[in-house]
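Structure first, then comments.
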Amino acid sequence: MLKANNKVLVTISAIVLFFLIAPLIMVIITAFGTDATIAFPIHGFTLHWFANVFAQPDFVAGFKMSLIIALAASLLALVIGVPLVYALTRYNVHHQAWFQTLFLSPTFIPEIVIGFALYQGLVITVQLPLLLTLLIGHFLLCLPYVVRLVTASMVLMDEHIEEAAWVYGSSRLKAFLTVTIPNIRASLVAAFMLCFINSFNNIPISLFLNGPDLSMLPTAILNYLQNNYDPTVSAISVLLMLFTAAMMLLVEKGLGLKALNEM
Amino acid sequence: MKNRSAFLLLLPGVLAICLFLFFPLLQTIWPTLGGSGYSHFLHSGYNRNVLGRTLLIAVITTALALGLGLPLALWIARQKASVKSLLSVVILFPILTNAVVRNFTWIIILGKDGVLNKVLLGLHLTQHPVTLLYTNAAIVIGSVYLFLPIMVTSLIGSVDELNIEVEEAAAVLGAKPWTTLTKVIIPQLTTGILTGSILVFAGAMTAYTTPQLLGGNRHLVMSTLIYQQAMTLGDWNQASVVAVVLIIMTVIVMGLMRLVTRWLDRRPANA
């Protein structure tokens, strides 16, 4: 029997956990060093690099842009995704599996290819504005999360509750808004959070879709990193980790983190 | 009437996918057909190298993530509920943290003046700094770091369903831990192992940030090759060819995953 205190199992697990955590802790430490380049162990202590993060216009503008795009793309994915999931789970749609695959199809295409194709097909050929195309790309990234999570909870929800509302004279729309939505609320929030985090963190889709006045935070950091090697990147890493932790805390308070494991 | 509502509810989604995904993809794929793009791609030894590197990195990354992730998943599943939820936070945190941040940590560790080189020099294991960054190995390490948590999450689902009594039975019958692992535990985890492996494989094969930051310009993979062909060399047609080859590779991997899961679902429970 393989026990929890099996020496080999414990040793490997400890090493793997160290491998997962230690690098992140090390980055946090390097953000406070006084040397002009990243050094570990650090010398001295300063908060200068955090101030320097906010002195980078690309980072500040990128953060705002990433926030806006992530919010807009997540909402758009819900607005388009929830009705189609409703149709697929509550109506007798022909070729249901085929539709399901269609709506999950963005996951079959490598993200960098989506960004590349959108740039070629929409920006160059159709002359769509860059910002709109960026939003479309992030919407494509988000839609499959909505389809998967909301479908799962619509299937689990008892259809009879909705039917009861219709019997008592409620319209289909009113029943959906007042009965169905509250019942699938948890999956809607979880889908929104997953969309938001993944859009906010995404690089490959935004890669081709940036211009002189349009840069997302991750691509801005990537650009900065290609020309500089100073603890500013460590400092913004710390801020991004705090951001992740805040998001996790928010989900934990609302739903429990298990909701995010259903990716 | 009923069909009409369903149609109206599905319409925005269908239109969005067709106009915003299929139309741009066709715009990318169409010009590459008929020309000499593909034969040109496959005849170049450089490109075949990139293709091979991409696949090799994906294979090694998947194997390492599985080898490291399985023991951790087994160990986590055997902990008390409180420890378990703490550990699941530790696993989830990296998944939700920006990939730039996670790759950046390895620049600090593997760089010429990096942490690892300082340790090696300090222990007199080497006289001169070793080139660790901007190598294939660096891409593999970064990819394992990036995808290991996803492997562990996929495995924990299956590990939680394991029936501990079967292991006890094996122990009573005299099986050593290693035999229990290979003959009793792993066969019950096929679904989790396959799902995790294919997720990691597809992810590692198409990732951009890791090879870009840790591989440098001399160790290109398919995704960084697309970017280089398009943005640095301005050869959009060749970039499209590389993109199509990468799509085909992904579709094959994802198709394989569907086949395997379907096959596992049909398999009788006691097989």
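The values are calculated or read from the model by the stated rules, or taken from the named source; none is laboratory data. The structure presented is a predicted model; accordingly, all values stated were derived computationally and were not measured. Here Cβ is always computed from backbone atoms with ideal geometry, including for glycine, and neighbour counts include all displayed protein chains. Remember, those area values only see protein heavy atoms, side chains included, never the ligands or the DNA or RNA. Shrake-Rupley method; radii C 1.70, N 1.55, O 1.52, S 1.80 Å.
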For A:N223, which of the numbered conditions (1) open to solvent by less than 20 Å² (accessible area, probe 1.4 Å); (2) of a type outside the set (S, T, Y); (3) over 16 Å from the mean Cα position of the chain (by Cα) fails to hold?
(1)
Let me spell it out: the conditions are (1) at the interface with chain A (Cβ under 8 Å from one of its Cβ atoms); (2) among the aromatic types (F, W, Y); (3) out of contact with any Ser or Thr (no Cβ under 9 Å at 6 or more places or on another chain), and B:F41 meets all of them except one. Which number is the exception?
(1)
Check A:M193, A:M241, A:M216, A:M247 and return the single one that is crowded, with 16+ Cβ neighbours inside 10 Å, farther than 30 Å from A:V82 by Cα and within 19 Å of the chain's Cα centre (by Cα).
A:M241
Give me the pairs, please: first residue somewhere in the stretch B:225-241 and assigned to a helix (DSSP H, G or I), second residue anywhere and charged (D, E, K, R), beta-carbon distance under 9 Å, and either six or more positions apart or on two chains.
B:Q229/B:D235
Taking the options A:G256, A:G211, name whichever one is of a type in the set (G, A, S), in contact with a Leu (Cβ under 7 Å, 6 or more places away or on another chain) and modelled with pLDDT under 90.
A:G211
Can you name the number of the only condition in (1) more than 22 Å from the chain's Cα centre (by Cα); (2) crowded, with 20+ Cβ neighbours inside 10 Å; (3) of a type in the set (S, T, Y) that B:S154 fails?
(1)
Lone qualifier among B:A99, B:A65 - being crowded, with 18+ Cβ neighbours inside 10 Å, among the small types (G, A, S), in contact with a Phe, Trp or Tyr (Cβ under 6 Å, 6 or more places away or on another chain) and in the same structural domain as B:T131 (by TED's automatic domain parsing):
B:A65
Only one of A:F54, A:F103, A:F32 is of a type outside the set (S, T, N, Q), buried (at least 18 other Cβ atoms within 10 Å of the Cβ) and closer than 24 Å to A:F196 by Cα. Can you tell me which?
A:F103
Can you find a residue that is at pLDDT 95 or above and surrounded by fewer than 16 Cβ atoms within 10 Å (Cβ to Cβ) anywhere in the stretch A:73-96?
yes
Have a look at B:I198, B:I226, B:I247 and point out the one that is within 30 Å of B:T32 (Cβ to Cβ), more than 11 Å from every other protein chain (Cβ to nearest Cβ) and crowded, with 18+ Cβ neighbours inside 10 Å.
B:I198
Which residue, of B:L56, B:L19, B:L26, is open to solvent by 60 Å² or more (accessible area, probe 1.4 Å), outside the structural domain of B:A137 (by TED's automatic domain parsing), part of a helix (DSSP H, G or I) and under 22 Å from B:I226 (Cβ atoms)?
B:L26
Please determine whether any residue of the stretch A:35-42 is more than 13 Å from every other protein chain (Cβ to nearest Cβ) and open to solvent by 60 Å² or more (accessible area, probe 1.4 Å).
no
For residues that are of a type in the set (G, A, S) and in a helix (DSSP H, G or I), scanning just the stretch A:1-32, find the one that is nearest to the other protein chains (Cβ to nearest Cβ).
A:S13
Do we find a residue being open to solvent by less than 30 Å² (accessible area, probe 1.4 Å) and not in a helix (DSSP H, G or I) anywhere in the stretch A:125-148?
no
Which one of B:T97, B:T61 is of a type in the set (V, I, T) and at pLDDT 95 or above?
B:T61
Which of the residues belonging to the stretch B:30-52 are touching a residue at least 40 places away in the same chain (Cβ under 8 Å) and either open to solvent by less than 50 Å² (accessible area, probe 1.4 Å) or farther than 14 Å from B:L246 by Cα (or both)?
B:P31, B:T32, B:G35, B:G37, B:H40, B:F41, B:N47, B:V50, B:L51
Any chance A:V53 is within 8 Å of chain B (Cβ to nearest Cβ) and among the aliphatic types (A, V, I, L, M)
no
Looking only at residues in the stretch B:201-212 that are within 9 Å of the chain's Cα centre (by Cα) and in a helix (DSSP H, G or I), which one is nearest to the other protein chains (Cβ to nearest Cβ)?
B:T206
